[in-house]
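Only one structure is covered here, and it is reproduced in the block below.
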Amino acid sequence: MRSIFLTQWRLLITVLAVVLLTVGALTAWLWPRSPWTPEEVTTLRGLALASLPPLAPDPSNRYGDDPRAAALGARLFFDTRLSVDGTVACATCHVPTRQFQDDLPLGQGVGTTDRRTMPLAGAAYSPWLFWDGRKDSLWAQALGPLESPVEHGGTRTQYARVLWEHYRTEYEALFGPLPDLADTTRFPPAAGPVADPAARAAWEAMTPDDREAVNLAFANLGKAIAAFERQLLPSPSRFDSYVEALLLNDVAAMQAALSPDEVAGLRIFIGRGQCITCHNGPLLTNNDFHNTGVPAVPGLPEDLGRATGLPLAQADAFNCLSRYSDAQPADCAELRFAKADPHVQTRQFKPPSLRGVAERPPYMHAGQFATLRDVLEHYNQAPAAPAGDSELRPLELSERELAQLEAFLHSLSGLGQAPAACLGCHPEPDAPAAAAPERSIP
Amino acid sequence: MIGSLDEGQAAGRPTGNGRGRQRWIVLGLALVVLLAAGFGMMRMRMSYVPADLDLATTRSSNSGLYQVRYAPEAAVIPVNQIHTWTIHIETADGRPVEGAAITVDGDMPQHLHGLPTAPQVTQDLGGGAYLVEGLKFHMPGWWVVDYTISAEGQTDTVRFNLQLP
């Protein structure tokens, strides 16, 4: 009997050892610091900045990659004369040292907008601009705030006159002659299809040819600003160093790039957190539109997001198919094949790039959440949407997992001081002396 | 099992101990295989994609009326980028299908949503070839693209599966 017990003990120990070894091996396999599966490596490589393809030309803006247009656009971007009262430039809200956003829940121009200012790095890669995608190019986007009564607040005849008075040489060298904007009878100081009834009436009173000439100058103003904005790209982050090291199988460099908690957060990011459903590609956004049940802000008008944005883009006088676009219709696939579905698109908003996200609270389209943790709690709980249907389902992540996810998001901050191509951040050395006061960097 | 082991040992068969150990090793190995299979299944469940997904670029339509082949404009189907496909349609006996009326739809079965765009067949290129514009896949994973083809009074649908990295 004794020998039987002994044998059984030995066998039991053998089985226990096998089980322990198996569990140990599997734990090591599943543990955050373990190697990634080949599929995960493919996913991670796709998220790294090194996977960002060169920016394709914008067929609707033939000046998009012209350095002269970019230089002119950089000056226009900082020029507060492009506003009704001389106080607001693009850079007022798109602050170069702050990732070209303003840290505020709602943008503040000459008034207060209903949405948060979007950062600009990599914006040129997006087929749709604004949170609701109501514009289909960077140049058409730039024109929107200029005529918004709460942003720049001015009119297109006013802006054409700024080009005439202060940028005529550079402008005409690029885009051809401006009309005789010295003539305030033909071109009233404030005229345009804007909210203000007097400016609108003045616009209606102009001849169709004069309106057309102003529209052309206005479109070209946008194209110059877009040429500048096309140069604004995100800078590499610790996450990118990690992926680079992973692809080289350099374990030491991987460990130097990300902490174990950040790696655990990355695993959640591409796995259980399902973050890459929308935040995919090297810019960590699919530039599409999603309803994630973000709460409405009391006091603001109802915001239906993409449901109103797409019809606006389709009707926009400066869209890809418009006469001011340089594109052939075949180049306007995004606009031509856009799918209108007002129910599905209700309260869909564009996911912003997550590059640099930790440095720019508050979050969401109207700054609804003050901290990254608030955002992650929201995604974890997946509350019902105020309108339309939220795509979220509860994630059931623990506090520790949320902390790891948050840690990972911090690793997406750019390592450079400012985008390498931020030529508008400093006056160009060869700029004429008179150009200096035109810049107003808040 | 333990009963039979005891029996063998009690009978004092010289091979009893060895056979018992063998059984335990087999049991241990089975456990390992089971555990590994369990984890494997868990991982599979997390991705919900059928293991036998047919990713072929040439497929028969559901009722076998047509053989359909597709070729994207780029070698690799891009994520997040609008692009075109050319599809080639033949009858089951290899005759090109010309003048067909074709509608396009797509879906992401795991995510309960369709395509972000409304792609269309915009050109009959002749010889059974058609240009499809406006296709876009805005996330990695398993997508399906369905073409409903009507020609010569007969309609059939073909489904392509895509697994985008």
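Only residues that are surrounded by 11 or more Cβ atoms within 10 Å (Cβ to Cβ) and among the β-branched types (Val, Ile, Thr) were counted in region A:185-209, giving 1.
Output yes when any residue across region A:368-387 is under 17 Å from the mean Cα position of the chain (by Cα), within 22 Å of A:Phe130 (Cβ to Cβ) and among the small types (Gly, Ala, Ser), and no when none is. No: region A:368-387 contains no residue that is under 17 Å from the mean Cα position of the chain (by Cα), within 22 Å of A:Phe130 (Cβ to Cβ) and among the small types (Gly, Ala, Ser). Listed here are the helices (runs of 4 or more DSSP H) enclosed by region A:113-192 that have at least 2 residues being under 16 Å from the mean Cα position of the chain (by Cα): A:138-147.
A:Gln231 meets the conditions (1) closer than 23 Å to A:Gln141 by Cα; (2) polar (S, T, N, Q); (3) in contact with a Lys or Arg (Cβ under 9 Å, 6 or more places away or on another chain) in every case but one. The failed one is (3). Every condition in (1) out of contact with any helix residue (DSSP H, G or I) (no Cβ under 9 Å at 6 or more places or on another chain); (2) surrounded by 11 or more Cβ atoms within 10 Å (Cβ to Cβ); (3) in a loop (DSSP other than H, G, I, E, B) holds for A:Glu212 except the one numbered (3). Can you say whether A:Arg81 is of a type in the set (Lys, Arg) and under 16 Å from the mean Cα position of the chain (by Cα), as far as the supplied structure shows? Judged against the criteria, A:Arg81 is not a match. Specify which of the listed residues (A:Thr80, A:Thr87) is surrounded by fewer than 23 Cβ atoms within 10 Å (Cβ to Cβ) and either in contact with a Gly (Cβ under 6 Å, 6 or more places away or on another chain) or hydrophobic (A, V, I, L, M, F, W, C) (or both). Only one candidate qualifies: A:Thr80.
Scanning region A:323-345 for residues being in contact (Cβ under 8 Å) with a residue 40 or more places away in the chain and either small (Gly, Ala, Ser) or more than 14 Å from chain B (Cβ to nearest Cβ) (or both) gives a total of 4. Filter region B:131-164 down to residues that are away from chain A (no Cβ under 14 Å) and small (Gly, Ala, Ser) and give me whichever is farthest from A:Ala340 (Cα to Cα). Going through the qualifying residues, I end up with B:Gly153.
Across region A:76-112, the number of residues qualifying as assigned to a strand (DSSP E or B) and either closer than 16 Å to A:Tyr159 by Cα or without any contact (Cβ under 8 Å) to a residue 60 or more places away in the chain (or both) comes to 3.
Report, by residue number, each residue of region A:45-55 that is surrounded by 13 or more Cβ atoms within 10 Å (Cβ to Cβ) and part of a helix (DSSP H, G or I). Listed by number, the residues that qualify are A:Arg45, A:Gly46, A:Leu47, A:Leu49, A:Ser51.
A quick yes/no check of all residues on (1) of a type outside the set (Phe, Trp, Tyr); (2) surrounded by 15 or more Cβ atoms within 10 Å (Cβ to Cβ); (3) in contact with a strand residue (DSSP E or B) (Cβ under 7 Å, 6 or more places away or on another chain):
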{"residue": "A:Thr43", "(1), (2), (3)": "yes, yes, no"}
{"residue": "A:Pro57", "(1), (2), (3)": "yes, no, no"}
{"residue": "A:Tyr63", "(1), (2), (3)": "no, yes, no"}
{"residue": "A:Asp66", "(1), (2), (3)": "yes, yes, no"}
{"residue": "A:Gly73", "(1), (2), (3)": "yes, yes, no"}
{"residue": "A:Leu76", "(1), (2), (3)": "yes, yes, no"}
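Out of (1) surrounded by fewer than 21 Cβ atoms within 10 Å (Cβ to Cβ); (2) aliphatic (A, V, I, L, M); (3) in contact with an Asp or Glu (Cβ under 7 Å, 6 or more places away or on another chain), the odd one out for A:Leu120 is which? Every listed condition holds for A:Leu120 apart from (1). Evaluating A:Pro351 against the criteria (1) away from chain B (no Cβ under 14 Å); (2) crowded, with 19+ Cβ neighbours inside 10 Å; (3) in a loop (DSSP other than H, G, I, E, B) leaves one unmet condition, (1). Only one entry in A:Glu391, A:Glu401, A:Glu377 is on the phi < 0 side of the Ramachandran plot, at pLDDT below 95 and in the same structural domain as A:Val243 (by TED's automatic domain parsing), namely A:Glu391.
Working only within region A:238-264, note down all residues that are more than 15 Å from A:Arg45 (Cβ to Cβ) and of a type in the set (S, T, N, Q). Within region A:238-264, A:Gln255, A:Ser259 meet the criteria.
When restricted to residues that are of a type in the set (D, E, K, R), over 30 Å from A:Asp66 (Cα atoms) and outside any loop (DSSP other than H, G, I, E, B), region A:193-209 contains 2. In the set A:Ala252, A:Ala245, A:Ala256, A:Ala227, only one residue is touching a Phe, Trp or Tyr at 6+ places or on another chain (Cβ under 8 Å), of a type outside the set (Phe, Trp, Tyr) and assigned to a helix (DSSP H, G or I); that residue is A:Ala227.
Whether a residue is away from chain A (no Cβ under 13 Å), in contact (Cβ under 8 Å) with a residue 40 or more places away in the chain and of a type in the set (Lys, Arg) was assessed, and B:Arg59 passes this test. Only a single item in (1) in a strand (DSSP E or B); (2) within 14 Å of chain A (Cβ to nearest Cβ) is not met by B:Ile89, and it is number (2). The residues on offer are B:Asp107, B:Asp124, and the sole one that is in the same structural domain as B:Asn80 (by TED's automatic domain parsing), part of a strand (DSSP E or B), of a type in the set (D, E, K, R) and farther than 21 Å from A:Cys278 by Cα is B:Asp124. For region A:251-281, the set of residues classified as of a type in the set (S, T, N, Q) and within 14 Å of chain B (Cβ to nearest Cβ) consists of A:Gln274, A:Thr277, A:Asn280, listed by residue number.
The residue that is nearest to B:Pro109 (Cα to Cα), counting only those in region A:247-294 that are in contact with a helix residue (DSSP H, G or I) (Cβ under 7 Å, 6 or more places away or on another chain) and acidic (Asp, Glu), is A:Glu262.
Criterion first (within 12 Å of chain B (Cβ to nearest Cβ), part of a loop (DSSP other than H, G, I, E, B) and of a type in the set (S, T, N, Q)) does A:Thr292 satisfy it? When the stated conditions are applied, A:Thr292 does not pass them.
Considered as a group, the residues in region B:92-130 that are more than 20 Å from B:Ala56 (Cα to Cα) and of a type in the set (Gly, Ala, Ser) include one that is nearest to the other protein chains (Cβ to nearest Cβ), and that residue is B:Ala118.
The values are calculated or read from the model by the stated rules, or taken from the named source; none is laboratory data. Note that the structure is predicted; figures quoted are calculated from it, not measured. With ideal geometry, Cβ positions are generated from the backbone for all residues, glycine too; neighbour counts draw on all protein chains shown.
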